[in-house]
Amino acid sequence: MSVYLKKDLPFEVYEIDILNSDDAQLSRISEDMGLALNTDEMKRIRDYFRAKGRNPTDVELQSLAQAWSEHCCYKSSKYFLKKYLFGINAPQNILVIEEDAGVVEFDENHAYVVALESHNHPSAIEPYGGSATGIGGILRDVVCMGAQPIALVDPLFFGPLDIPFESLPKGVKHPLYLMNGVVAGIRDYGNRVGIPTVAGMIFFDEGYTGNCLVNVGCVGIAKKENIIRSRAGNAGDLFVLTGGRTGRDGIHGVTFASTELDETSEESSRGAVQLGNPIIKEPLIHACLEANEKKLLTGMKDLGGGGLSCVVGEMALSAGYGAEVYLDRVPLKEENLKPWEIWVSESQERMMLTVRPENLEEVLYIFDKWDVPANVIGRVTEDRILKVYYRDHLVYEMDIEFVTKGPEYCRPFKVEKREGEIHGRVPEPVDYLSVMRSIISHPNIASKEFAIRQYDHEVRGNTIIKPLQGIPGNESHGDSAVIKPLADSWKGLAITADVNPYYTKIDPYWGTTAAFDEMCRNLVSVNSIPHSFADCLNFGNPEKPLRLGDFQESVRALGWMARTLGIPCVSGNVSFYNETPYSYVPPTPTLMGIGIVEDVRKAVTMDIKKRGSVLILIGETKEEFGGSVYSKIRGIEMGRVPRSDPVRLKNSMEGLLSLFREFSILSCHDPSEGGIFACLAEMCIGGGIGCDVEVPDEMRKDVFLFSESTTRWIVEVREEDSRDILEFLNKRNVPTRIIGRTGGRELRFNTGTENLSISVKELDELWRSGIVSLMGG
Amino acid sequence: MELNEIRVAVLRIEGTNCEDETVHAFKNLGVEAEAVHLKQFYSDTIREEEKRNIRDYTAIVFPGGFSAGDYIRAGAIFSARIKSVLRKSLEEFIENGYPVLGICNGFQVLVELGALPAFDKTISDRPEMALGINNSGRFECRPTFLRVESRNTAFTGSIDRDIVMFPSAHAEGRVIFPDGREEEWLERLKENGQIVFRYVDPGGRYSGYPWNPNGSIYNIAGICNPDGNVLGLMPHPERSFHPYTHCSWTRGRKETGDGELFFRSILEYMMKL
């Protein structure tokens, strides 16, 4: 006899006979219904319903699958996050970790809001729609806190663009197709909603061929008094569903994101990818913010993973209430959606509000004015029970606590040390110039202008430091973008996104410290004080101990850095299962750093400003070639990855920030991928000016030029200030040395024996064509 | 007109997205400006206190963005709505000499509407030109430099610089004239003094891509009507209002943003009305 029993109702709802099912049947039910729940979880559900003395409906079971998915309840990651990363107290924290976005103090009356998320699985199947809805989702996360979005960030990771089609595993799309689709999706959605895309990264590695990663971040600004919680207000309040209609797109998005992809994913999971509509989103943002500013709302939360089933439960649970929902009042895109489909659909552009009955009319007026649908679909109740009705029939009744507080695991993990020995014996390259040419045109260093200029990075008119900096027409990559969020204040926010998966692949712990270091360096480079960060942790299958070991190491490193530096993690997201049967992604802890710029008029850019200035290297250069671009060019694994020491970093950051206050610094940039060579090359390109650099005698040339040691900056200063600056920094125990002077048309390195020089023009051409030449025109 | 009599309406519908910064550009100069939803002019569902009449204003701006998504043709839907609810009063508004400005998507709206180039009538029955897809085939967000070709307009009178930097950000900005009549159209525009801004490189020379970001004929970035009180331009003056939003300001900064001079010109024109 079938375990699926159609209930005697005038519409399609099934009772699932789990009470009489054995383990094998339970696991088959989970598979048949696409629940992605394991047998233990199914048994827990069976126990719950056994106590209730009845079987669950399909609506109930589907709802549990959403709520208990990795994506929604962080069941494999929470243990580690709590242990290492959460709970960093900082005076600027207002509302961190607990909501969809972190809320941090900006000034006395304002807060900024930060969110960062992945949209990996959908983008691997449908890059355009996947990335577009990623932008849509992250905007809602910021808006639902009551904040106006002011900037978008998009770190992207793909397989090598020149990978031959023949070598792609079955079902995997070519990285060039994926990249073009993802960039177009971000462009068409971000540009249309009118929020500038100001920072990001594009990183290429074989590890992303089977699973590209699409991370999206958003920053918003709000008056502190307008910050609203993602929880129901009071019993008796009405649930008002606003925005787009509900359809069959995006069904099982979260359960899809909580499993590995395989060659059938394209066929089986297309329906899990949502469809975005920025022209519903744009007025939805206005309407939500207007209603919130008028104090007409008691709670607001966006509909993301799990759709209605998650938003109602989470809003009610965090307020200590229950809820009643009438599914037939949800406006639909098409007829004949089954009740469970309405309940779990992840259709985009929707927001849930709770409203006191006396304010309903006013709220509906505002949404009508903006032509955004808004409908009462339920109410908040005193008890902690969630009841769902469809055409007056009860189809769902469960304790909110049971549904929404999903399982939590400490799965077995294994830490693997993969870092090799320090090389020492690798001979210096015979042809340094050829190595330099390869480095500056390496896809992970080369210009990303083709993507950056497709994103509107200036809409809203507040972008002070743009993603591309330098002489118009010659611009180079900046370290951070700077936004001026308020019309009547010079205070600004610096924004950057960083991680170097070449390092984390070899050593997730030290690689993560290096990512944190780079984030801080980029913020300090533009003269901002690192203030908070969000993380998007992209890893493989957590049920495999080695992957979870990598995750553990990365989170442990983040906690160490963040705690020691006093920079709180305010929001984030974990994306597991970035894995296929034949590959998994390198550990990728993407960080989005936010810095406070005391006065945007004092921001610093990275392009060389004039001839005859002095270049000072700040920080120590060690032999750290592990995961370096140099090691890739030479085709040798070269041991030790660059690592950071938060105490040293803190001291150097403070030194540099006080230097900015005391002296006029013409330009500042940090050596990262490609080392001092690539750093100087980028500074020369942006300024259209060359420089003459002395390579120290005591160091191997390749170490000086290409090592990627952390906690370093190069600053351009006036000749007359240089002595004082050295003294100023030395007094603060920040290592410095004068390495050269600006001028001429070449980047020239003088060693004891030879002069290595390349014209800035050639560097510029190599740098600009590095990726474009792989894109087939 | 006194400064305190100036009222600027920045029109919005779903998908317009530059209204806030455009309103601020005017407000920074001490005049009243507000973003007004087109519905506020005609819809019965709007409450009394939010209803507006075009006669309440002394200047109208069509801001940048993607009105109604621009899925059909940039500006097509917004202009169709204007035609159906506001055409007559907008015509009067223009004929009375009040300034009407279209920035980026707003330029596209004015062209679709027939308010530019408006050779023979205030609002022509059919569009007389078009803004086509950029030659690069892509959205282009980049600094653009413009030579001010005419100061005899409601928008440029106080720009005391030959070259201004207003950033561009659009996918459809290439000025196209009817096939075979390009020369004739150019001549008419020149004769009437309707060419207001042309793309140049940072050195002030008329150049090709990327300085002409879309491939516009004759490097045209902005044109006005024969009377000079309706202007459309692709680049965004509101984005270089402050010296600190200029590109590369860290390499040398102007005292006043180029965009401020543009908006100041509009106010000075109105004060003479």
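The values are calculated or read from the model by the stated rules, or taken from the named source; none is laboratory data. Everything quoted here is computed from the prediction, not taken from an experiment. Positions of Cβ are generated from backbone atoms using ideal geometry, with glycine treated the same way; all protein chains shown enter the neighbour counts. Keep in mind that these areas ignore ligands, DNA and RNA; they rest on the heavy atoms of the full protein, side chains included. Shrake-Rupley method; radii C 1.70, N 1.55, O 1.52, S 1.80 Å.
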Handout entry: Residues of the range A:658-679 satisfying the condition of being in a helix (DSSP H, G or I) and either surrounded by fewer than 17 Cβ atoms within 10 Å (Cβ to Cβ) or in contact with a Phe, Trp or Tyr (Cβ under 9 Å, 6 or more places away or on another chain) (or both)
Key = A:S658, A:L659, A:R661, A:E662, A:G675, A:I676, A:F677, A:A678, A:C679
Exercise for the section: Inspect all residues belonging to the range B:236-257 and state whether any of them is touching a Ser or Thr at 6+ places or on another chain (Cβ under 9 Å), away from every other protein chain (no Cβ under 14 Å) and not hydroxyl-bearing (S, T, Y). Expected result: no
Handout entry: the range A:367-383, residues that are within 14 Å of another protein chain (Cβ to nearest Cβ) and not β-branched (V, I, T)
Key = A:F367, A:D368, A:K369, A:W370, A:D371, A:P373, A:A374
Exercise for the section: Kindly indicate whether A:A111 is over 22 Å from A:P589 (Cα atoms) and touching a residue at least 60 places away in the same chain (Cβ under 8 Å). Expected result: yes
Handout entry: Within the range B:138-185, tally of residues that are basic (K, R), farther than 25 Å from B:G257 by Cα and more than 9 Å from chain A (Cβ to nearest Cβ)
Key = 2
Fill in the blank from the handout: Considering residues that are open to solvent by 20 Å² or more (accessible area, probe 1.4 Å) and either touching a residue at least 40 places away in the same chain (Cβ under 8 Å) or at the interface with chain A (Cβ under 10 Å from one of its Cβ atoms) (or both), the number found within the range B:51-69 is 3
Handout entry: Subset of the range A:346-362 [within 14 Å of chain B (Cβ to nearest Cβ) and open to solvent by less than 10 Å² (accessible area, probe 1.4 Å)]
Key = A:E349
Exercise for the section: Check A:K650 against each of (1) among the basic types (K, R); (2) under 31 Å from the mean Cα position of the chain (by Cα); (3) within 14 Å of another protein chain (Cβ to nearest Cβ) and name the one condition it does not meet. Expected result: (3)
Fill in the blank from the handout: Flagged in the range B:1-34 as in a strand (DSSP E or B) and farther than 21 Å from B:E268 by Cα, in numbering order, are B:L11, B:R12, B:T16
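It is to be established whether one or more residues within the range A:486-494 are touching a residue at least 60 places away in the same chain (Cβ under 8 Å), of a type in the set (K, R) and surrounded by 20 or more Cβ atoms within 10 Å (Cβ to Cβ). Give the steps one after another, and end with the answer.
Going through the range A:486-494, the residues touching a residue at least 60 places away in the same chain (Cβ under 8 Å) turn out to be A:486, A:489-494.
Now narrow it down to the ones that are of a type in the set (K, R): A:491.
Narrowing further to those that are surrounded by 20 or more Cβ atoms within 10 Å (Cβ to Cβ): none.
No.
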Exercise for the section: Grab the helices (runs of 4 or more DSSP H) fully contained in the range A:384-492, keeping just those with 3 or more residues being out of contact with any helix residue (DSSP H, G or I) (no Cβ under 6 Å at 6 or more places or on another chain) and more than 14 Å from chain B (Cβ to nearest Cβ). Expected result: A:432-440
Fill in the blank from the handout: Restricted to the range A:453-488 and to residues being in contact with a Phe, Trp or Tyr (Cβ under 9 Å, 6 or more places away or on another chain) and of a type in the set (S, T, N, Q), the residue farthest from B:C18 (Cα to Cα) is A:S476
Exercise for the section: Starting from residues that are assigned to a helix (DSSP H, G or I), touching a helix residue (DSSP H, G or I) at 6+ places or on another chain (Cβ under 9 Å) and of a type in the set (A, V, I, L, M), keep the ones in the range A:718-777 and report whichever is most open to solvent (accessible area, probe 1.4 Å). Expected result: A:V772
Practice task
Tell me the strands (runs of 3 or more DSSP E) entirely within the range A:79-180 that contain at least 2 residues that are open to solvent by less than 10 Å² (accessible area, probe 1.4 Å) and outside the structural domain of A:K505 (by TED's automatic domain parsing).
Solution key: A:102-105, A:110-118, A:148-158
Completion exercise
When restricted to B:E34, B:E48, the only residue surrounded by 16 or more Cβ atoms within 10 Å (Cβ to Cβ), among the acidic types (D, E) and more than 11 Å from chain A (Cβ to nearest Cβ) is B:E34
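Can you find a residue that is touching a Cys at 6+ places or on another chain (Cβ under 6 Å) and under 20 Å from A:E518 (Cβ atoms) anywhere in the range A:732-745?
Looking for residues that are touching a Cys at 6+ places or on another chain (Cβ under 6 Å) and under 20 Å from A:E518 (Cβ atoms), one finds none in the range A:732-745, hence no.
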